[in-house]
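Here's the structure we're looking at; comments come further down.
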Amino acid sequence: MSAPAHWRANADLAGLTTLALPARARWLVRVEQEDELPGVLAHASRMDLPVMVLGGGSNVLFARDYPGVVIVMDLMGVQACADGKDMLVTAAAGENWHQFVEYTLSRGWFGLENLALIPGRVGAAPVQNIGAYGVELAQRFHSLRYLDRDGGQVETLTAEQCEFAYRDSIFKNRLRDKAIILSCTFRLSQQFTPVLTYPALRNALQVAGLDSDNSSIAESHEEISAQQVFDAVCAVRRSKLPDPTVLGNAG
Ligand SMILES: Cc1cc2nc3c(=O)[nH]c(=O)nc-3n(C[C@H](O)[C@H](O)[C@H](O)COP(=O)(O)OP(=O)(O)OC[C@H]3O[C@@H](n4cnc5c(N)ncnc54)[C@H](O)[C@@H]3O)c2cc1C
């Protein structure tokens with residue numbers, strides 16, 4: 001059985017992971033529209049090939065060639081609507097995580113600043129409940145939509161139903177290899193409340209002259225902007241780890 005014309009055979013995977021180790025996929029297909037997915041899965045099934053979903057490749061190690069179909073999630077788009085004082089912001093799975101954080105900040109929708117510069121795409125973020133610098137995804141999460149790989153239907157899960165725990169979720173357990181996350185919705189605030197529980201972040205902000213006295217951190221919170229927290233997180237992260245797009249690493 002032949003593959004559809006846009007499937008790439010014997011595709012190089014090195015450029016699709018941050019570790020950039022040499023490996024190839026028997027087939028690679030980039031998906032830009034949700035409604036392409038059922039056809040891709042059906043065709044892979046007819047060819048009796050395993051399927052793997054790839055986002056930004058920052059948490060995947062291909063130790064050898066992949067003998068099936070690698071689906072790269074390129075779904076794009078961000079939508080937002082007000083919900084009382086909050087904003088419900090939905091991003092498609094293929095959106096770059098850091099750029100999404102930057103975008104929400106630019107719109108005055110707060111809550112993701114501490115998660116700046118985490119590599120990868122939105123669709124993978126719930127899989128391990130990404131977290132950094134005192135905040136984890138679960139705290140800002142509203143819901144997600146996923147495609148059930150077996151049944152072919154689109155399902156919605158609330159944050160609670162995602163069973164988030166430390167670097168863990170239902171997608172690493174009961175729904176492992178069963179769900180393709182299509183989009184994620186976050187509940188963000190239009191009023192900024194800094195989270196400065198992480199010592200390195202507090203230090204960075206003090207170094208920047210925002211707080212000269214360790215004991216007065218609480219009182220000085222109101223003067224700290226979301227942009228300053230975002231910048232401090234980026235600065236701390238850059239001081240600790242090389243940019244994975246420049247020097248391959250796994251965090
Ligand atoms: C330099 C560096 C720093 C990092 N820092 C942090 C950090 O501070 N905090 C943190 O939590 N993590 C961190 N990570 C880990 C990584 O950034 C996260 O795990 C990120 O969410 C992975 O996103 P990705 O798009 O690259 O996923 P990938 O590596 O492409 O995929 C990861 C897993 O998710 C699955 N997956 C991907 N997309 C989907 C989808 N749409 N539906 C279903 N399954 C999917 C894949 O099959 C795979 O099992 C770091 C990694 C690096 C390299």
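Since every read-out is calculated from the coordinates, none of them should be taken as a lab result. Keep in mind that what you see is a predicted model, and the values were worked out from it rather than measured. Quick reminder, even Gly has a Cβ in these numbers, built from the backbone with ideal geometry, and neighbours come from all protein chains shown.
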Based on the Cα coordinates of the chain, what is the per residue volume of their convex hull in Å³? 128
Please compute the net charge surrounding W27, taking Lys and Arg as +1 and Asp and Glu as -1 over other residues with Cβ under 15 Å from its Cβ. +1
Rounded to the nearest 0.05, FRET efficiency between N173 and A200 (Cβ-Cβ, R0 45 Å) equals 0.90
Within segment 10-41, the residues whose backbone N lies under 12 Å from a label point placed 7 Å from the Cα of D65 along the Cα-to-Cβ direction are 10-13, 23-27
In degrees, nearest 10, the alpha-carbon axis of helix 226-240 is tilted away from the dominant principal axis of the alpha carbons of the chain by 70
Computed FRET value (nearest 0.05) for S225 with T156, which takes r as the C-beta separation and R₀ as 30 Å: 0.30
If R0 = 25 Å, then Q99 and A235, at their Cβ-Cβ distance, give a FRET efficiency to the nearest 0.05 of 0.90
A14 and M76 label points (each 7 Å along its Cα→Cβ direction) are spaced in nm at 2.7
Where does each of 68-75, 21-28, 161-168 land if you order them by average Cβ count within 10 Å, highest first? 68-75, 21-28, 161-168
